[in-house]
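Down below is the structure, laid out as structure tokens.
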Amino acid sequence: MATVNSVEVTPGNGVTISNLVSTGNSVTVRLSIDSNASLGARTVTVVSPSGRSNTRPFEIVSRPTSNTPTISNLTVNSPGADGSNVIVTGRVDFADADGNIVFTGSQSNSARVRFTLSTGINSCVVSGTGPSLNLPGQIAGTIDFAIVYQPGSLSIGTFSVSFNLVDAAGNSSNTLSFQPFIWFCLSRPERDELPQDAMAPWEAEINFARRRRRDWLAS
């Protein structure tokens, strides 16, 4: 395989082949599909000085029409503190057919994660964006996020928080929910990608909530 000269796609119209790498018993290439490439079946063949390989089929299909991202496998860590701010970290798997998870530097026209709490007086929306949400052209993957904001109120108990991923065009994903024991509503959104520091102003409240939870579980 180390002497592979080229890789051919048949029919080749609308397909550009680049970045050929041949190592041991494997060959990798990059196939770029033009937006006006004909749909349908194609074959790929490896060419070396000793001859041509057998052909393998693949198919060019139309791009999905939905621009709405979908999410799954959400993990959200317990809120921590970054100085006088609250930091919320987590990760989520996503799929977005038009690859529009993009960070432009402005929250109004960037992809963002959004948390929604609805518990009466503490109802609030917390959202954030940043470089971890800059995946232009990527149609699926995993996002590790961290948003930091100034807290305005604290909720303790059993309740649900909803989570959405919003792409740069404002299309909102399906909703996933989780049940934290502690959640902070915001005073104003800040930025993401900040390191987590030791708990400061909210340490007493968080420790109190943890003691209440332990007492409740022990009762």
Quiz prompt | Search result, residues across region 93-116 that are assigned to a strand (DSSP E or B), aliphatic (A, V, I, L, M) and surrounded by 20 or more Cβ atoms within 10 Å (Cβ to Cβ) | solution = Val113
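Test of understanding: among Ser26, Ser6, Ser18, which residue is over 28 Å from the mean Cα position of the chain (by Cα), more than 30 Å from Leu176 (Cβ to Cβ) and either β-branched (Val, Ile, Thr) or modelled with pLDDT of 85 or more (or both)? Break it down stepwise before answering.
Numbers: Ser26 fails: either β-branched (Val, Ile, Thr) or modelled with pLDDT of 85 or more (or both); Ser18 fails: over 28 Å from the mean Cα position of the chain (by Cα).
Testing whether each residue is over 28 Å from the mean Cα position of the chain (by Cα), more than 30 Å from Leu176 (Cβ to Cβ) and either β-branched (Val, Ile, Thr) or modelled with pLDDT of 85 or more (or both) leaves just Ser6.
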Practice problem: Hey, can you tell me all the residues within region 1-12 that are of a type in the set (A, V, I, L, M, F, W, C) and assigned to a strand (DSSP E or B)? | Solution: Val7, Val9
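Looking at Gly141, Gly152, which is the one that is at positive phi, assigned to a strand (DSSP E or B) and either touching a His at 6+ places or on another chain (Cβ under 6 Å) or surrounded by fewer than 20 Cβ atoms within 10 Å (Cβ to Cβ) (or both)?
Numbers: Gly152 fails: at positive phi.
After applying the criteria, what remains is Gly141.
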Practice problem: Keeping to region 13-38, report how many residues are surrounded by 11 or more Cβ atoms within 10 Å (Cβ to Cβ) and in a loop (DSSP other than H, G, I, E, B). | Solution: 5
Quiz item: If you scan region 16-54, which residues turn out to be in contact with a Gly (Cβ under 8 Å, 6 or more places away or on another chain) and among the β-branched types (Val, Ile, Thr)?
Solution: Ile33
Practice problem: Looking only at region 71-91, decide whether some residue is more than 30 Å from Val15 (Cβ to Cβ), out of contact with any helix residue (DSSP H, G or I) (no Cβ under 7 Å at 6 or more places or on another chain) and in a helix (DSSP H, G or I). | Solution: no
Quiz item: Pairs under 8 Å by beta carbon, first residue within 15 Å of Val27 (Cα to Cα) in region 47-58, partner of a type outside the set (S, T, N, Q) and in a strand (DSSP E or B), six or more apart or different chains?
Solution: Val47/Val7; Val47/Glu8; Arg52/Val46; Ser53/Val46; Ser53/Val47; Thr55/Val44; Arg56/Val44
Practice problem: Exactly one condition in (1) surrounded by 20 or more Cβ atoms within 10 Å (Cβ to Cβ); (2) under 12 Å from the mean Cα position of the chain (by Cα) is not met by Val126; state its number. | Solution: (2)
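Just to be sure before I move on: is Arg42 closer than 28 Å to Gly141 by Cβ, out of contact with any His (no Cβ under 6 Å at 6 or more places or on another chain) and surrounded by 15 or more Cβ atoms within 10 Å (Cβ to Cβ) in the structure I sent?
Values: closer than 28 Å to Gly141 by Cβ: yes; out of contact with any His (no Cβ under 6 Å at 6 or more places or on another chain): yes; surrounded by 15 or more Cβ atoms within 10 Å (Cβ to Cβ): yes.
Yes: the conditions hold for Arg42.
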Self-check item: Close pairs (8 angstrom Cβ cut-off, 6 or more residues apart or separate chains): free of Cβ contacts under 8 Å to residues at least 24 places away in the same chain in region 1-30, basic (Lys, Arg) anywhere
Solution: Ile17/Arg30; Ser18/Arg30; Asn19/Arg30
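Could you tell me whether any residue of region 179-190 is among the charged types (D, E, K, R), modelled with pLDDT under 85 and surrounded by 14 or more Cβ atoms within 10 Å (Cβ to Cβ)?
yes
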Quiz item: So which residues in region 155-178 are surrounded by 17 or more Cβ atoms within 10 Å (Cβ to Cβ) and without any contact (Cβ under 8 Å) to a residue 40 or more places away in the chain?
Solution: Ser155
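The values are calculated or read from the model by the stated rules, or taken from the named source; none is laboratory data. Remember, predicted model here, so these are calculated numbers, not experimental data. Don't worry about glycine lacking a Cβ; one is built from the backbone with ideal geometry, like all the others, and counts go over all protein chains shown.
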